[in-house]
Structure formats: structure tokens, C-alpha cells
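To keep things clear, I will list the structure first and then write my remarks on it.
The values are calculated or read from the model by the stated rules, or taken from the named source; none is laboratory data. The shown structure was predicted, so the numbers you read here are calculated from the model rather than taken from an experiment. Don't worry about glycine lacking a Cβ; one is built from the backbone with ideal geometry, like all the others, and counts go over all protein chains shown.
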Amino acid sequence: MEHDIRQRLDAKQYREAFELLMDRFQNKVFCLAFSMVRNETMAEDLTQDVFMKIWKALPGYQGDASLSTWIYTIARNTCLTEIKKRTARPTVSFDAPEFEDALQKLPACQTSDREAGAELDIQVMLAWLPEKYRRVITLFYLEQKSYEEVSAMLGIPMGTVKTFLFRAKQELLKFNRRNENVYA
Amino acid sequence: MFMPEENEDWTLMACPDYEARIIDWLDGELSAVERQTVENHVGACAACRNYAEELKSLDAVLVSTIQRPVLPENFKSDMLRRVDLAFSAQPSDAAIAQRKHAEEAEFKALRAELPRRLLRANLGIVLDVLSYVGIAAVTWLLLDYALVNAQAISAALSNSITQNPAQFLAWAFSAACVGAGLAFGMRRIVRDLPRLF
């Protein structure tokens with residue numbers, strides 16, 4: 001899969017290699033960023049930052065790790081840096097991008113549409129999950145339920161992915177059961 | 001909506017041996033033999049069947065809720081434009097070589113000038129020290145003369161005030177000028193000596 005990109009890198013055709021990289025990884029990096037920051041606008045900005053970093057670092061790529069591992073590592077580190085920055089300044093504003101998605105869902109909440117309500121419930125449930133479980137479960141469903149892909153993107157062993165996914169689903173079920181008991 | 005509390009004791013959802021296996025079964029991760037075993041168990045166990053149904057419902061909600069976000073169509077072209085701009089803003093190899101050459105020449109010139117600069121700086125320090133020693137010596141000599149000849153000076157001053165006031169004023173003015181000069185010099189010494197050492 002990476003052979004043609006590596007060929008271009010060896011020939012120092014960085015622009016062509018970069019275009020191929022973008023074709024193959026832009027959506028993956030975007031999904032990874034989205035699973036980590038949970039906001040599309042921010043994930044898009046982070047994807048841009050990641051590819052700028054990749055472009056700058058491309059001539060120095062030694063080929064020790066696979067391209068996907070290298071790219072996902074840059075993406076994860078970029079997202080983690082952004083998350084740290086956001087944690088360092090925990091001011092809350094309704095203009096903040098993380099509220100956009102929630103605000104967009106408010107009309108659905110006001111209607112008596114059961115499905116929209118269920119979706120909002122699951123969003124709240126996902127938000128309640130521990131960060132590591134949420135990342136795994138989000139990426140699992142974004143990546144067509146591929147354990148391998150989630151493992152590669154998050155840089156954790158496949159066994160850990162399975163464990164986190166199992167625990168995440170258990171937590172969501174418990175949460176759901178409790179709500180059903182409350183409203184019953 | 002209520003949030004489960006941490007470490008809250010929940011009733012078992014399914015048979016402990018089958019909880020994880022049922023998830024694998026629903027995700028299609030089991031071998032044919034294991035799949036058959038789980039299917040047989042789920043067929044016979046109401047709790048596990050209920051658990052599997054709940055998981056299926058949860059899966060359906062998650063599939064419909066967690067939608068793959070889509071990048072704008074022009075994302076790639078915008079990104080490539082940014083990259084091209086950044087690339088064109090980078091200096092060429094020739095410009096880098098020229099700048100390196102200029103910086104090396106500047107460094108050589110500074111290094112050649114260094115002994116002269118050091119000498120000038122040190123000469124300044126030597127002159128400063130000499131001037132401080134001179135001021136101190138003059139001050140010492142004047143004080144010594146004044147103490148030794150205190151009576152003669154006092155008598156001369158008394159005579160001068162009564163007999164020749166103009167001469168007294170001239171002496172007083174001269175003494176004030178010398179005193180001010182010495183005070184200024186001493187102030188410099190006090191201020192600059194710590195810097196020298």
C-alpha cells in the first residue's frame with residue numbers, strides 16, 4: 001500500500017508523495033482527530049496542522065516505522081497537545097466550537113421524536129464514558145468496526161482495543177438499564 | 001437523566017463466561033466452533049439472550065449516532081495550496097548558501113577585531129584605575145596637609161576674613177570646587193569599583 005509513496009520519497013518527489021498520502025490518510029487522520037476532540041471544526045483544523053507537520057517532516061522520514069504508524073503518531077501527538085492546551089485554559093463559552101454540535105441538536109431534543117431523543121441520550125452517554133473508552137468506541141464505529149484499524153490509529157494493542165470496547169459497551173448498557181428503570 | 005455512580009454494584013448482565021464472547025459473536029469475531037457454542041448457549045439462556053438483544057439495540061443506535069464526519073470537498077486542494085505557499089516561502093539553496101557565506105565573513109571580521117577590542121576595553125580599565133588612584137592620592141594629601149597645618153590655616157583664615165574678605169572668598173570658592181571634584185570622583189569610585197571586579 002505504501003510502496004508507491006516510498007518510491008516517490010526515495011526519488012525526493014515530496015510533492016507527489018504528499019498528494020498520495022493525503023488521498024490515503026486525510027479521512028483517517030480526520031476521524032482520529034474527531035475521536036479525540038469530538039468536534040468536527042476542531043478536528044478539521046487539527047487535520048490541517050497534522051498534514052502541515054507531515055509535509056515539513058517528510059524529507060526527514062527515515063522509513064523505520066511504517067508510514068501509517070508515523071502519520072498516526074504525528075496525528076495523536078498533535079491532538080494530545082491541543083487537548084492539553086484546552087485543559088490548561090478551561091474557560092467555557094457558548095461560542096466555543098465544542099458547543100456547536102450540542103446546540104445544533106437542541107431542536108431535536110425539543111421535539112418529541114423518540115429517535116432524536118435516543119441519539120441525544122447516546123451522545124450524553126458517550127460523553128460520560130472515560131476518555132480512553134470513548135476514543136476506542138468512537139473510532140471503532142467510524143472505522144467500520146475494524147479492530148486492526150483502531151489499534152493502528154490509537155497506537156494500542158488489539159487486545160486492549162477489545163477490552164476497552166467490551167468495557168465501554170458494558171458501561172453503556174448499565175447506563176441504559178438504569179435510565180430505563182428510572183423512567184419506568 | 002441519571003449517571004451511574006463509580007463502583008456501583010450492578011446485577012450481572014449475562015453469564016460471566018459469555019459476556020465478552022457474546023460481543024465477539026455479534027461483531028463476527030468468533031471461529032465457527034465458538035460461534036456455535038455461543039449460539040447454543042444464547043438459545044438456552046434467557047439472561048444472555050436478553051443481553052445479546054440489548055447489545056444489538058445498542059449497536060444499532062451507535063451505528064446511527066456515530067456518523068463518519070466528512071471533510072470539505074476542497075480540503076485537499078486548500079491543503080496543497082498551503083503547502084505550496086509554505087514551500088515557496090522557503091529560501092532557495094543558493095540563498096541559504098549566500099547567507100551562510102555572509103555570516104561566516106562577518107564572524108571572521110569580528111574575530112580579527114577581537115584583540116583590538118580587548119586591548120581597548122582593558123586600556124579603559126587601566127586608565128580608570130589610575131584616575132581613581134590619583135583622586136584618592138590627592139584627597140589623602142589634602143587631608144594630611146590640612147591636619148598638619150590646621151592651626152596655620154585657621155589663623156590665615158581668620159586674618160583673611162577680617163583683613164582681606166575678597167581673598168577669603170576666593171579661597172573658599174577654590175576649596176569648594178576641589179571638594180566638589182573630589183566628592184564627584186569618590187562617587188564614581190564607589191559606583192564603578194564593583195563593576196571592575
Original post:
How many of the residues in the stretch A:58-76 are touching a helix residue (DSSP H, G or I) at 6+ places or on another chain (Cβ under 9 Å) and in a helix (DSSP H, G or I)?
Top reply: 11
Original post:
Do you know which of the residues in the stretch B:62-102 that are exposed (fewer than 10 other Cβ atoms within 10 Å of the Cβ) and among the acidic types (Asp, Glu) is modelled with the lowest pLDDT?
Top reply: B:ASP93
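Would you confirm, using the coordinates I've provided, whether A:TYR72 is under 21 Å from A:ILE156 (Cβ atoms) and either of a type in the set (A, V, I, L, M) or out of contact with any Pro (no Cβ under 9 Å at 6 or more places or on another chain) (or both)? Working first, answer last.
Working: under 21 Å from A:ILE156 (Cβ atoms): yes; either of a type in the set (A, V, I, L, M) or out of contact with any Pro (no Cβ under 9 Å at 6 or more places or on another chain) (or both): yes.
Taking the combined requirement at face value, the residue satisfies it.
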Subject >> Verdict on B:LEU58 being touching a Leu at 6+ places or on another chain (Cβ under 8 Å) and hydrophobic (A, V, I, L, M, F, W, C) >> reply: yes
